1. Determine which member of the set 18, 12, 46 is outside any loop (DSSP other than H, G, I, E, B) and either modelled with pLDDT under 75 or among the acidic types (Asp, Glu) (or both).
2. Take the residues in the stretch 73-90 that are open to solvent by less than 90 Å² (accessible area, probe 1.4 Å) and not in a helix (DSSP H, G or I); name whichever of them is farthest from residue 160 (Cα to Cα).
3. With (1) modelled with pLDDT of 95 or more; (2) part of a strand (DSSP E or B) as the list, and residue 140 as the residue in question, which single condition is left unmet?
4. Within the stretch 34-48, track down each residue that is surrounded by 10 or more Cβ atoms within 10 Å (Cβ to Cβ) and not small (Gly, Ala, Ser).
5. Which residue out of 45, 105 is in contact with a Phe, Trp or Tyr (Cβ under 9 Å, 6 or more places away or on another chain) and hydrophobic (A, V, I, L, M, F, W, C)?
6. Only one of 70, 93 is assigned to a helix (DSSP H, G or I) and surrounded by fewer than 12 Cβ atoms within 10 Å (Cβ to Cβ). Can you tell me which?
7. Just to be sure before I move on: is residue 151 part of a loop (DSSP other than H, G, I, E, B), open to solvent by 90 Å² or more (accessible area, probe 1.4 Å) and over 20 Å from residue 76 (Cα atoms) in the structure I sent?
8. Among the residues of the stretch 107-147, how many are exposed (fewer than 15 other Cβ atoms within 10 Å of the Cβ) and either touching a helix residue (DSSP H, G or I) at 6+ places or on another chain (Cβ under 6 Å) or acidic (Asp, Glu) (or both)?
Amino acid sequence: MRRVMVESRMGNGCTIQNKADGCEENMRGTTAKAQSARKAAKKGVNSRKVHKVRYTTTFHQPKTLHLPRTPKYQALAKVSSSVILKQPLNTETAMKKIEDHNTLVFLVDVRANKRHIKTAVKKLYDVDAAKINTLIRPDGVKKAFIRLPADVDALDVANKVS
């Protein structure tokens, strides 16, 4: 009968024959690693976390850094009146409004509201506006109809404008 020599492999790649050739130290290191892994698995990895103790039932958002504003363009309230009122409109219908309804018609900045327009007219032409109607035309330009009080003649103001 022939004897067959069987090499038994250990878990770390060492064979029984070359165990004596220094593979023993490598095996010890692997065993230590396995022991520590077993210990960590048994204990759990999140055991060191400490929960913050809260004394109130309400959560307050932490204060964050508030940087000053850096606007890309100037606010319309601080812009001059000549920027708000772009140009008077002098079409036939606008002239009819001046004569019949005591109303001036202007093209204005799209961002301007009725209060901006009212203060701009007061500044530029020294006239109080009784009522202001605005609309945005299909081409994207805002038009303002500025109704003047009965004691002020819109034709005189229109002559002053142009």
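The values are calculated or read from the model by the stated rules, or taken from the named source; none is laboratory data. Source: prediction; values computed, not measured. Quick reminder, even Gly has a Cβ in these numbers, built from the backbone with ideal geometry, and neighbours come from all protein chains shown. Surface accessibility is based on the protein's heavy atoms, side chains included, excluding ligands, DNA and RNA. Shrake-Rupley method; radii C 1.70, N 1.55, O 1.52, S 1.80 Å.
1. 18
2. 75
3. Only one criterion in (1) modelled with pLDDT of 95 or more; (2) part of a strand (DSSP E or B) is unmet by residue 140, namely (2).
4. Answer for the stretch 34-48, where residues must be surrounded by 10 or more Cβ atoms within 10 Å (Cβ to Cβ) and not small (Gly, Ala, Ser): 35, 38, 43.
5. Criteria check complete, one pass: 105.
6. 93
7. yes
8. 5
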